[in-house]
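The values are calculated or read from the model by the stated rules, or taken from the named source; none is laboratory data. Because the structure is a prediction, the values reported are computed rather than measured. Note that we place each Cβ from the backbone using ideal geometry, even for glycine, and neighbour counts take in every protein chain shown.
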Amino acid sequence: MDKENPWLGLASFTEETRQYFHGREEEVAELGRRVQRKLLTILFGQSGLGKTSILRAGIVPRLRPEGYCPVYVRLDYSPESPAPSEQIKQAIFRATHASGEWTQTGVAVSGESLWEFLHHRDDILRDASGKTLVPLLIFDQFEEIFTLAQSDDFGRQRAAQFLEDLADLVENRAPKALEARMNDDDAAAEKFDFARADYRILIALREDYLAHLEGLKGAMPSITQNRMRLARMTGQQALAAVLKPGGKLVSEEVAAAIVRFTAGGSELANAEVEPSLLSLICRELNNARIAQGRTEISADLLAGSRDTILSEFYERALADQPPGVRQVIEDNLLTEAGFRESLAEERVQKAFAAAGAPAGTLATLVDRRLLRIEERLDVRRVELTHDVLCSVVRASRDLRLECEARDEAERKLAAQRAREIATRKALVRARQIAAVCAVLA
């Protein structure tokens, strides 16, 4: 990223690209206050609202100067990966090694719980100046423990063990295994400081998995106490997200037009904008500006590119998918009149599988912001990310159906011609036989 390319598209912002991250200052400040007040904070919101960007480009650089050591964790649930708790401890070691050092080296024991790992007596994390640092464990995409981690018995068992380990850390209680050791050996308790709570945990997940998280409140009551819901951007926030990174590349008038376009025609005062879609449109417009050698994005460029931007996005999202995936989306997630339709997640998964798509197709298309999943009346339903995609999807469907109709007509015509040829051949043969019979007679 640079001044000529200040919009990321669908990628997430990071600490390195935070200078281009705008429009979420209020949410970052509120989340930061919540993290500082309580041991556990939950951030949840729909797909496409920029949770990862808020974590990496917002919270991390905001809290680092306040004496926190951010440890960003995205767990790997593949069978060959280390256990989740071990991954977390490795991530803590990497992050803390870059920020400071622990006062008691070598006290960590392989296989110990997360609670034990962060409660060793007199083992304090300090920076180079001797200032105490507070480890902040940031669990992004936490919903994956309810999806990827549940693929087989091994994964489910590991997930259950990790959630038990995490619950002890969140509730700041000694694990049962440690209590059993202390019952047998009083000296075991001397190694740990049971009053410590000098760490913070921030969990981010999609809103449609909030019910799954609440299912853990028996072991982890704190998950209900400090939660923040991330909503879509307001019109003014979206305007800032366009203008501030864009600088001289876009005027306020054109920026407002971009926001209205992304919001489906709503005026700024009433606009609700998905940051991922806004960033995508800005990036595509900027690419068009560069390709045409212009110094700034103009209104005519926006007007002329509306369908092209979305069409190219749609085609790229499906470029590596089997043709049947496109058909499932166009025939099931769009009404005949061209409005968004939702379908139960299970039906979509089965339809994709029947179309020859790999198991992770739905997750891939959600990550690419083409589709999203929402929970309605306890049913997870899949739909297109935004209404502005409807015209593009409908045009693709119309073209596909037209091609299918033409191909079917050509197939029928070819079959008819084949039958006519066969009939003529049979007629000629019959005449030949008749002629021979006449001669023999």
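General remarks:
- Residues located in region 323-351, provided they are polar (S, T, N, Q) and part of a helix (DSSP H, G or I): GLN327, ASN332, GLN349
- Note on region 140-154: residues that are surrounded by 17 or more Cβ atoms within 10 Å (Cβ to Cβ) and under 23 Å from GLY111 (Cβ atoms) total 2.
- Only one entry in ALA409, ALA395, ALA414 is assigned to a helix (DSSP H, G or I), touching a residue at least 60 places away in the same chain (Cβ under 8 Å) and surrounded by 10 or more Cβ atoms within 10 Å (Cβ to Cβ), namely ALA395.
- Selection from region 276-328 of residues that are touching a helix residue (DSSP H, G or I) at 6+ places or on another chain (Cβ under 7 Å) and β-branched (Val, Ile, Thr): ILE281, ILE297, ILE309, VAL325, VAL328
- Every listed requirement among (1) at pLDDT below 90; (2) under 21 Å from ALA149 (Cα atoms) is met by ALA353 save one, (1).
- When LEU440, LEU371 are checked against the criterion of being surrounded by 12 or more Cβ atoms within 10 Å (Cβ to Cβ) and at negative phi, LEU371 stands alone in meeting it.
- The condition of being of a type in the set (Lys, Arg), under 23 Å from ASP140 (Cα atoms) and over 23 Å from the mean Cα position of the chain (by Cα) holds for only one of ARG206, ARG173, ARG200, that being ARG200.
- Breaking point among (1) out of contact with any helix residue (DSSP H, G or I) (no Cβ under 9 Å at 6 or more places or on another chain); (2) within 30 Å of ARG369 (Cα to Cα); (3) of a type in the set (Val, Ile, Thr), for VAL428: (2)
- Tabulated pairs, region 170-187, first without any contact (Cβ under 8 Å) to a residue 40 or more places away in the chain and among the basic types (Lys, Arg), second surrounded by fewer than 16 Cβ atoms within 10 Å (Cβ to Cβ) and in a helix (DSSP H, G or I), C-beta under 6 angstrom, 6+ apart or interchain: ARG181/ALA188
- Candidate set: region 353-364, residues that are within 23 Å of LEU280 (Cβ to Cβ) and assigned to a helix (DSSP H, G or I); chosen: the one farthest from the chain's Cα centre (by Cα): THR361
- Note on region 199-255: among residues that are among the polar types (S, T, N, Q) and closer than 26 Å to TYR68 by Cβ, the one that is surrounded by the most Cβ atoms within 10 Å (Cβ to Cβ) is GLN237.
- Some residue of region 365-376 being in a helix (DSSP H, G or I), out of contact with any Lys or Arg (no Cβ under 8 Å at 6 or more places or on another chain), under 30 Å from GLU315 (Cα atoms) and of a type in the set (A, V, I, L, M, F, W, C): yes
- Filter result for the condition that a residue is hydrophobic (A, V, I, L, M, F, W, C), surrounded by 15 or more Cβ atoms within 10 Å (Cβ to Cβ) and more than 30 Å from SER151 (Cβ to Cβ), over LEU343, LEU310, LEU318, LEU333: LEU310
- Filtered by the rule that a residue be under 16 Å from LEU49 (Cβ atoms) and either at pLDDT 90 or above or surrounded by fewer than 18 Cβ atoms within 10 Å (Cβ to Cβ) (or both), region 265-274 gives ALA271, GLU272, VAL273.
- Positions within region 125-163 being in a loop (DSSP other than H, G, I, E, B) and in contact with a Gly (Cβ under 7 Å, 6 or more places away or on another chain), in sequence order: ASP127, ALA128, LYS131, LEU133
- Subset tally (residues that are among the charged types (D, E, K, R) and closer than 23 Å to GLU383 by Cα) for region 24-54: 1
- Residue count for region 284-322, restricted to those that are more than 23 Å from ASP2 (Cα to Cα) and either in a strand (DSSP E or B) or modelled with pLDDT of 90 or more (or both): 8
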